[in-house]
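The values are calculated or read from the model by the stated rules, or taken from the named source; none is laboratory data. Remember, it's a predicted structure, so these values are computed and weren't measured experimentally. Cβ atoms come from the backbone with ideal geometry, glycine included; neighbour counts cover every protein chain shown. With ligands, DNA and RNA removed, areas are computed over all heavy atoms of the protein, side chains included. Shrake-Rupley method; radii C 1.70, N 1.55, O 1.52, S 1.80 Å.
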Amino acid sequence: MRVEELLNSHYDSMNENEKYICHYLTGHYRECAGSTISEFARHCSVSTTMLVRFAKHLGLSGYGELKARLKIELEEKTVSAEGLMEKVTRSYHKMMDELMKKDLTGIFEKLDSAERVFIYGSGSSQTRAASEMKRIFLPVKEMVHIHGHDMCLALQNITKPGDLVILISLSGESDAVVELAAALRTKQAATVSITRLKNNTLASLCDENLYINSIQMPVEYGMEYEISTPYFILIEFLYLSYCNYRSAVWREE
């Protein structure tokens with residue numbers, strides 16, 4: 001599991017000091033990867049003992065493993081214009097490898113038991129992904145696609161216990177989607193987030209988390225663009241895996 005996933009999965013069980021380290025670390029990965037524990041503790045204004053406890057809370061052996069993991073992941077993110085296509089292809093394979101290892105049972109159980117399933121995408125690419133998810137799942141599970149920032153409040157108002165809401169966001173930090181996820185928590189609706197592989201508020205608020213490997217166009221190209229194909233790879237993988245899951249359940253019955 002990557003560092004971003006570890007931070008998200010353990011965030012709710014962290015104490016206030018650990019959450020402070022988590023927030024600081026998110027914005028200082030390179031600093032952590034290149035610093036000794038004493039140096040990073042000083043920058044972070046905490047003790048070295050607290051950093052060790054924080055790393056062990058994430059399931060790591062200590063600060064050294066946290067530092068090593070971050071260094072490897074940062075090197076993987078380095079994209080040059082010359083190797084863009086190779087990097088994109090590798091990211092697709094890596095995402096599929098990680099999905100194959102992930103236990104999706106919790107998500108599929110929530111899909112099966114949900115009275116209603118809503119999908120909300122917070123941006124243009126995410127809205128297209130939500131629309132495709134509704135389309136591809138139609139033979140096995142009806143989903144309601146809600147789109148537009150002005151519909152967040154409406155979705156909050158109609159959701160009730162027993163519903164499942166799938167929230168698709170790139171950063172997982174937009175005010176609208178974070179506020180929506182927090183409101184759904186109080187409504188006791190089940191939630192699944194789909195975000196970029198990065199520690200984010202939305203993932204910490206949801207019951208289940210799925211991640212895409214998102215790649216930005218290198219600055220050498222002179223344009224801002226983030227590849228959206230991983231959303232659609234993830235959705236198709238989910239659909240096929242869900243069909244396999246349901247087939248296995250029927251055989252057991």
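Does region 121-131 contain any residue that is in contact with a helix residue (DSSP H, G or I) (Cβ under 7 Å, 6 or more places away or on another chain), more than 26 Å from E173 (Cα to Cα) and either surrounded by fewer than 14 Cβ atoms within 10 Å (Cβ to Cβ) or among the aliphatic types (A, V, I, L, M) (or both)?
No; the residues of region 121-131 include none that is in contact with a helix residue (DSSP H, G or I) (Cβ under 7 Å, 6 or more places away or on another chain), more than 26 Å from E173 (Cα to Cα) and either surrounded by fewer than 14 Cβ atoms within 10 Å (Cβ to Cβ) or among the aliphatic types (A, V, I, L, M) (or both).
Which condition from (1) open to solvent by 80 Å² or more (accessible area, probe 1.4 Å); (2) of a type in the set (D, E); (3) more than 23 Å from V177 (Cβ to Cβ) is the one that E115 breaks?
Unmet condition: (3).
For region 116-124, state whether one or more residues are in contact (Cβ under 8 Å) with a residue 24 or more places away in the chain and of a type in the set (K, R). First the steps, then the outcome.
Taking region 116-124 first, the residues in contact (Cβ under 8 Å) with a residue 24 or more places away in the chain are 116-123.
Subset that is of a type in the set (K, R): 116.
Scanning region 116-124 turns up at least one residue that is in contact (Cβ under 8 Å) with a residue 24 or more places away in the chain and of a type in the set (K, R).
Give me the residue from region 5-37 that is outside any helix (DSSP H, G or I) and of a type in the set (G, A, S) and, out of that set, surrounded by the most Cβ atoms within 10 Å (Cβ to Cβ).
Here is the first cut: in region 5-37, the residues outside any helix (DSSP H, G or I) are 14-15, 27-28, 34-36.
Restricting the remaining residues to those that are of a type in the set (G, A, S) gives 27, 34-35.
Values: G27: 9, G34: 13, S35: 17.
Here the answer is S35.
For region 38-47, which positions are assigned to a helix (DSSP H, G or I) and either hydrophobic (A, V, I, L, M, F, W, C) or surrounded by 14 or more Cβ atoms within 10 Å (Cβ to Cβ) (or both)? Outline the logic, then answer.
Going residue by residue through region 38-47, those that are assigned to a helix (DSSP H, G or I) are 38-44.
Answer for region 38-47, where residues must be assigned to a helix (DSSP H, G or I) and either hydrophobic (A, V, I, L, M, F, W, C) or surrounded by 14 or more Cβ atoms within 10 Å (Cβ to Cβ) (or both): F40, A41, C44.
So which residues in region 172-191 are surrounded by 16 or more Cβ atoms within 10 Å (Cβ to Cβ), polar (S, T, N, Q) and within 16 Å of K110 (Cβ to Cβ)?
Scanning region 172-191 gives a single hit, T191.
Going residue by residue through region 90-100, is there one that turns out to be open to solvent by 40 Å² or more (accessible area, probe 1.4 Å), over 18 Å from the mean Cα position of the chain (by Cα) and at pLDDT below 90?
Going residue by residue through region 90-100, those that are open to solvent by 40 Å² or more (accessible area, probe 1.4 Å) are 90, 92-94, 96-98, 100.
Of the ones still in play, those that are also over 18 Å from the mean Cα position of the chain (by Cα) are 90.
Going one step further and asking which of them are at pLDDT below 90, we end up with 90.
Yes, because at least one residue in region 90-100 is open to solvent by 40 Å² or more (accessible area, probe 1.4 Å), over 18 Å from the mean Cα position of the chain (by Cα) and at pLDDT below 90.
Residues in region 76-83: is at least one modelled with pLDDT under 90, among the β-branched types (V, I, T), out of contact with any helix residue (DSSP H, G or I) (no Cβ under 7 Å at 6 or more places or on another chain) and not in a helix (DSSP H, G or I)? Lay out the reasoning, then the answer.
First, the residues of region 76-83 that are modelled with pLDDT under 90: 76-83.
Adding the requirement that they be among the β-branched types (V, I, T) leaves 78-79.
This time we only want the ones that are out of contact with any helix residue (DSSP H, G or I) (no Cβ under 7 Å at 6 or more places or on another chain), so: 78.
So of that shortlist, the ones also not in a helix (DSSP H, G or I) come out as 78.
Yes - at least one qualifying residue is present in region 76-83.
T191 versus (1) at pLDDT 80 or above; (2) farther than 15 Å from A130 by Cβ; (3) polar (S, T, N, Q): which is the lone unmet condition?
Condition not satisfied by T191: (2).
Quick one: I107 ticks every box in (1) of a type in the set (V, I, T); (2) at pLDDT below 90; (3) closer than 30 Å to I166 by Cβ except a single one, so which number is it?
(2)
With the requirement that a residue be under 19 Å from N8 (Cβ atoms), surrounded by 18 or more Cβ atoms within 10 Å (Cβ to Cβ) and basic (K, R), what does region 54-69 give you?
If we filter region 54-69 for residues that are under 19 Å from N8 (Cβ atoms), which is where we start, we get 54-60, 65-66, 69.
Adding the requirement that they be surrounded by 18 or more Cβ atoms within 10 Å (Cβ to Cβ) leaves 54-55, 58, 60, 66, 69.
Within region 54-69, just R69 meets the criteria.
Inside region 137-171, can you point out the residues that are surrounded by fewer than 17 Cβ atoms within 10 Å (Cβ to Cβ), among the hydrophobic types (A, V, I, L, M, F, W, C) and either in contact with a helix residue (DSSP H, G or I) (Cβ under 7 Å, 6 or more places away or on another chain) or in a helix (DSSP H, G or I) (or both)?
Correct list: V140, M151, L153, A154, I158.
Can you name the residue in region 194-240 that is modelled with pLDDT of 80 or more, outside any helix (DSSP H, G or I) and hydroxyl-bearing (S, T, Y) and is also surrounded by the most Cβ atoms within 10 Å (Cβ to Cβ) among such residues?
Once the filter is applied, the top-ranked residue is T195.
For residues that are in a helix (DSSP H, G or I), more than 15 Å from A189 (Cβ to Cβ) and modelled with pLDDT of 90 or more, tally how many sit in region 110-125. Write out each step before concluding.
Quick first cut of region 110-125, residues in a helix (DSSP H, G or I) only: 110-113, 124-125.
When the remaining residues are screened for being more than 15 Å from A189 (Cβ to Cβ), the result is 112, 124-125.
After this cut, where a residue has to be modelled with pLDDT of 90 or more as well, the list is 112.
Total satisfying the criteria: 1.
Does I107 meet the test of being surrounded by 21 or more Cβ atoms within 10 Å (Cβ to Cβ), assigned to a helix (DSSP H, G or I) and under 15 Å from the mean Cα position of the chain (by Cα)?
Numbers: surrounded by 21 or more Cβ atoms within 10 Å (Cβ to Cβ): yes; assigned to a helix (DSSP H, G or I): yes; under 15 Å from the mean Cα position of the chain (by Cα): yes.
It is true that I107 is surrounded by 21 or more Cβ atoms within 10 Å (Cβ to Cβ), assigned to a helix (DSSP H, G or I) and under 15 Å from the mean Cα position of the chain (by Cα).
Quick one: count up the residues across region 127-177 that are more than 19 Å from the chain's Cα centre (by Cα) and either farther than 22 Å from E226 by Cβ or touching a residue at least 60 places away in the same chain (Cβ under 8 Å) (or both).
Result for region 127-177: 26.
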